[in-house]
Ligand SMILES: *Cc1c(COP(=O)(O)O)cnc(C)c1O
C-alpha cells in the first residue's frame with residue numbers, strides 16, 4: 001500500500017449568497033423541521049434521494065451550475081433565509097430549562113450511549129436503543145438542557161441487510177465517509193485534530209473526536225481510525241456490536257474512559273454522567289481517577305462523590321443481554337489502571353464488577369459496575385422497573401422487593417422526528433405553535449377534538465398511500481437487485497392496496513418478538529386478509545442479528561409466505577429496516593402490531609411513533625403498552641399473563657389475535673357511514689392521540705430524567721464540593737464508621753403495650769424498642785416499624801413508619817424508641833422492626849446495603 005505524505009480536506013464551494021446553507025446542513029436541526037427538509041430537497045431532489053438524505057454529501061456533489069442557479073432564485077433564497085432565521089431563533093430562544101431553572105451553564109450533563117439514531121444517512125445505530133438516544137438529544141436540545149452526548153464513530157456502522165431469493169438474510173457493511181457527513185473534526189488551537197490517549201497493554205491508543213450539532217446539543221463521537229494507531233487499533237471503532245469480546249472491551253474503554261478524557265480535553269467538565277445502558281460504565285472509574293488526582297482525594301471519597309452524580313439506565317430484561325467480561329480480560333486492560341491510578345487492591349477492584357456481595361466475583365458485569373457506581377438507577381417502563389428489580393434482587397439481600405432502589409422512567413419518542421409532514425401540518429393548524437415547542441402539554445393535545453373527522457382521516461389516508469407507494473417501489477428494487485424477471489418486477493406494482501386496512505410489524509427479528517405468531521393458523525389468517533369486502537394487509541421489516549440463525553429463519557418464513565400466490569399482494573417484507581423505512585411505516589400504518597413474549601420487551605418505542613400519526617396499537621401487554629393500554633386507545637393481546645409453556649402461550653395468543661382482528665379491528669375499520677368515514681375508528685385515533693400523545697414522548701421523558709435525577713445530582717455535587725469537598729470527606733468517614741459498626745447494631749428488647757387486645761379502627765398500636773448502636777447514635781439511623789395486613793397465605797408487609805427516639809437514662813450505646821401503627825383498616829396485621837442507616841445525602845436508606853431486622 002502506498003502511504004500518503006500529506007492530506008487535505010475539500011469542502012463545497014458555495015456562492016456567497018448560499019453561505020447560510022453551510023450552517024443549515026451542519027446542524028441536525030433540519031432532521032425534525034420540514035421547512036428545512038423541503039429546502040434541502042428543493043436544492044436537488046434527485047441528489048437528495050441518491051445521497052440518502054445526507055445534505056453535506058449532496059452539497060459536495062451538486063453541480064456548480066445548479067448552485068449558481070439557486071443562488072439567483074429569489075424564492076429559494078427567501079426560503080433559505082426563513083430556515084436560517086428559524087434555526088437562529090431556535091438556538092437563541094428562552095427554553096424550558098432557562099425559564100424554570102437557575103442553574104449555571106457550567107452544570108453540564110454528559111449522556112453516554114454506544115449508538116445514536118439521528119437520521120438515516122448516519123449509520124451509527126442499530127435499532128431502538130440508538131433511536132432513543134438520538135431522541136434524548138433532540139428533546140434535550142428543545143428543552144435547552146445543558147447536555148452533551150458522547151458516542152463512538154463507526155466507520156462501518158451496523159449491518160445492511162439484503163435477502164437471497166429464498167429469503168435468507170445476508171449482511172454487508174457500508175463505509176461511511178465522515179468528511180461527507182454533517183460532522184466536523186474537533187481541532188486544537190493550532191488547527192491539528194484534537195487527540196486523546198488511552199493506555200492499552202504495551203501501547204497507547206489515540207482517539208480523535210467528531211462533533212455533530214443536534215440543535216443546541218453537541219454530540220461527540222470518538223474515532224480510533226487515526227494514523228498514529230496500528231492497523232488493529234484503527235479498527236476498534238469500526239463496527240457497531242461487531243468483532244470479538246476483546247473488541248467489545250476496547251470499544252467500551254474508548255467510550256467510557258476515552259469519552260471522559262475527550263470532554264476534559266475540550267474543557268467540558270460534566271457534573272452529571274448518564275450511562276445509557278452499561279456499555280459506558282467504565283466512565284465511572286475514570287471519573288474517580290480524575291477526582292483523586294485533581295483534589296487529592298481517597299478512592300473511597302472519590303467513589304462516594306461520583307455515586308451521586310452518575311445515572312444508569314438499564315434496557316435489558318434478561319441477564320443474557322448484558323456485557324460480562326472475564327476477569328483475565330479485565331486484568332489485561334485494567335491491571336495497571338487500578339493498581340497505579342486508583343491505587344486499590346484487586347479484591348476491591350473486582351468487587352466493583354458485581355453486586356453479589358457474598359461470592360468472590362469471577363467476571364466483570366458491566367450492568368453491575370454501573371449499578372455500584374450510580375446513585376440513580378432506572379428501567380425504561382413501569383413493568384421493566386419491576387422486572388429489573390427481580391433480575392437483580394440477589395444484589396439486595398434482606399431488602400423488601402418494593403424497596404429495591406431501582407426506579408423507572410418510561411421511554412418516549414421525539415414526536416416531531418417521527419411525525420409525517422402532512423400530519424404535522426394538520427396538528428400545527430389545530431394545536432397551534434405551542435405543539436411544536438412542547439408536545440408533552442396535555443391541554444394542547446385536547447384540541448385534537450377540534451379537528452374535523454374528515455380532515456384527520458384524509459391526512460391519515462394520504463400517508464397510507466405514500467406508504468403503499470414506497471413499499472411497492474422498494475419491492476421493485478429488491479426484485480431487480482436479485483435479478484428478477486420482468487413479470488416479477490411488474491407484479492411488484494400491484495402488491496398492497498392503498499385503501500386496505502394496513503398492519504405494520506417492524507422490529508428486530510429475534511425469537512421472543514414472535515414475528516410469525518400471526519401465521520400460526522395460516523388458513524384463518526388468509527381468510528382475514530383476503531376478504532374481498534374488508535381486505536387487510538401486513539407490511540414487515542426488520543433485521544436479525546448476524547449470528548442469530550433463529551431470527552434469520554423467522555425472516556425466511558415471512559418471505560416464504562409473502563410468495564404464496566394468494567398472499568403475495570397482502571404480505572410484503574421491506575428489506576434493510578432503518579429509520580427511513582420506520583418513518584414511512586409508522587406514518588402510514590393503521591395498526592401497529594407487537595407480539596413480544598412478556599416481559600421481554602423492556603419498553604419498545606416504535607408503537608409510540610404511530611400515536612401522533614394516528615396509528616393504533618395492537619399489542620401484548622408488555623413494555624410501555626402495559627401501562628399505556630386502555631380500551632378506547634387501542635387493543636391488547638391477553639391480559640398480561642406470563643406462561644411456562646411457550647407453545648401453549650403461542651396457541652392462546654395467536655387465537656386472540658385472530659379473534660380481535662375478526663371481531664373488533666376489521667369491523668371498526670370498515671364500518672363506514674354515508675360519507676365513507678369510519679367514525680368509530682377515527683374516534684379511537686383521536687383518543688389515542690389525546691391520551692397517549694402527551695405522555696409517550698421524549699419531552700416528558702427528558703423532563704422526568706432532569707427532575708428526578710439530573711437536578712438532584714447537580715445539587716448534591718455542588719453541596720459536596722463546598723470547602724474543598726469537606727462534606728464529601730465527612731460523608732465517606734461517616735459511611736466507613738457505619739459499615740464498621742453495623743455488626744453491633746441490634747435490637748435489645750421490643751414490647752407492645754396492647755399485646756393481645758383487639759383494637760378498633762382509629763386506634764393506635766404502640767410499640768417500644770431498645771436498640772444498641774455501638775459507636776453510632778440515633779442521628780445515624782432510622783428505626784422503623786414495618787407492617788401490613790397479614791392475609792391468608794401471602795404475608796406481604798408493605799408499609800413503614802419511623803419510630804421516635806426518646807432520650808432516657810440508659811446503658812451507654814442503648815437507645816429507647818417509641819412508635820405507633822395507625823389502625824386505618826380492619827383485619828389482622830403483622831409487623832416487624834428494622835434499623836437502617838440514615839444520612840441527609842443518601843438518596844435511599846438502602847444504598848449501603850445495610851439493614852438490621854428484628855429477630
Ligand atoms: C423506533 C425504532 C426501533 C425501535 O423499535 P421497537 O419498538 O423498540 O422494536 C428500531 N429500529 C428503528 C429503525 C426504529 O426507528
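Checking every residue in segment 531-539 against the condition of being within 13 Å of the ligand (Cβ to nearest atom), at negative phi and surrounded by 23 or more Cβ atoms within 10 Å (Cβ to Cβ) gives zero matches.
Within segment 765-792, if we keep just the residues that are over 23 Å from residue 839 (Cα atoms) and surrounded by fewer than 13 Cβ atoms within 10 Å (Cβ to Cβ), the residue that is modelled with the highest pLDDT turns out to be 791. From the set of residues in segment 555-582 that are within 11 Å of the ligand (Cβ to nearest atom) and in a loop (DSSP other than H, G, I, E, B), which is surrounded by the fewest Cβ atoms within 10 Å (Cβ to Cβ)? Checking each candidate, the answer is 576. For residue 552, the criteria (1) surrounded by fewer than 23 Cβ atoms within 10 Å (Cβ to Cβ); (2) in contact (Cβ under 8 Å) with a residue 40 or more places away in the chain; (3) within 19 Å of residue 664 (Cα to Cα) hold in every case but one, which is (3).
Residue-level analysis places residue 653 outside the set of residues that are outside any helix (DSSP H, G or I) and over 30 Å from residue 147 (Cα atoms).
Given the criteria closer than 20 Å to residue 677 by Cα, away from the ligand (no atom under 16 Å from the Cβ) and either in a helix (DSSP H, G or I) or outside the structural domain of residue 571 (by TED's automatic domain parsing) (or both), does residue 458 qualify? Considered against the rule, which asks whether it is closer than 20 Å to residue 677 by Cα, away from the ligand (no atom under 16 Å from the Cβ) and either in a helix (DSSP H, G or I) or outside the structural domain of residue 571 (by TED's automatic domain parsing) (or both), residue 458 comes out as yes. Right, residue 335: under 20 Å from residue 255 (Cα atoms) and not in a helix (DSSP H, G or I) or not? No. All but one of (1) buried (at least 24 other Cβ atoms within 10 Å of the Cβ); (2) away from the ligand (no atom under 16 Å from the Cβ) hold for residue 133, so report the exception by its number. Among (1) buried (at least 24 other Cβ atoms within 10 Å of the Cβ); (2) away from the ligand (no atom under 16 Å from the Cβ), residue 133 violates only (2). For residue 149, the conditions (1) more than 16 Å from the ligand (Cβ to nearest atom); (2) over 17 Å from the mean Cα position of the chain (by Cα); (3) buried (at least 24 other Cβ atoms within 10 Å of the Cβ) are fulfilled apart from (2).
Based on this model, can you work out whether residue 515 counts as surrounded by 20 or more Cβ atoms within 10 Å (Cβ to Cβ) and either assigned by TED's automatic domain parsing to the domain that holds residue 547 or within 16 Å of the ligand (Cβ to nearest atom) (or both)? Answer is yes for this residue. The residues of segment 600-629 that are away from the ligand (no atom under 14 Å from the Cβ), assigned to a loop (DSSP other than H, G, I, E, B) and in contact with a helix residue (DSSP H, G or I) (Cβ under 7 Å, 6 or more places away or on another chain) amount to a single one, 614. In segment 98-128, of all residues being buried (at least 21 other Cβ atoms within 10 Å of the Cβ) and outside any loop (DSSP other than H, G, I, E, B), the one that is nearest to the ligand (Cβ to nearest atom) corresponds to 128. Scanning segment 583-599 for residues that are more than 10 Å from residue 504 (Cα to Cα) and near the ligand (Cβ under 10 Å from one of its atoms) returns 583, 596.
With respect to residue 735, determine if the residue is closer than 30 Å to residue 298 by Cβ and in contact (Cβ under 8 Å) with a residue 60 or more places away in the chain. The answer is yes for residue 735.
Restricting attention to segment 229-239, does a residue exist that is surrounded by 22 or more Cβ atoms within 10 Å (Cβ to Cβ), under 30 Å from residue 30 (Cβ atoms) and in contact with a strand residue (DSSP E or B) (Cβ under 8 Å, 6 or more places away or on another chain)? Scanning segment 229-239 turns up at least one residue that is surrounded by 22 or more Cβ atoms within 10 Å (Cβ to Cβ), under 30 Å from residue 30 (Cβ atoms) and in contact with a strand residue (DSSP E or B) (Cβ under 8 Å, 6 or more places away or on another chain).
Residues of segment 382-424 that are farther than 30 Å from residue 850 by Cβ and either part of a loop (DSSP other than H, G, I, E, B) or out of contact with any helix residue (DSSP H, G or I) (no Cβ under 8 Å at 6 or more places or on another chain) (or both): 410, 411, 412, 414, 418, 419, 420.
Screening the candidates 89, 77 for the property of being outside any loop (DSSP other than H, G, I, E, B), more than 16 Å from the ligand (Cβ to nearest atom) and in contact (Cβ under 8 Å) with a residue 40 or more places away in the chain yields one hit, 77.
Reported count of residues in segment 254-285, each being more than 20 Å from the chain's Cα centre (by Cα) and either surrounded by 23 or more Cβ atoms within 10 Å (Cβ to Cβ) or closer than 10 Å to residue 150 by Cβ (or both), is 9. Residues in segment 184-209 that are crowded, with 20+ Cβ neighbours inside 10 Å and in contact (Cβ under 8 Å) with a residue 40 or more places away in the chain: 196, 198, 205, 207, 209. Within segment 425-449, the set of residues being surrounded by fewer than 16 Cβ atoms within 10 Å (Cβ to Cβ) and in a loop (DSSP other than H, G, I, E, B) comprises just one member, 432. Looking across segment 481-512, the residues that are outside any helix (DSSP H, G or I) and within 16 Å of the ligand (Cβ to nearest atom) come down to 503, 504, 505, 506, 507, 508, 509, 510.
The values are calculated or read from the model by the stated rules, or taken from the named source; none is laboratory data. Keep in mind that what you see is a predicted model, and the values were worked out from it rather than measured. With ideal geometry, Cβ positions are generated from the backbone for all residues, glycine too; neighbour counts draw on all protein chains shown.
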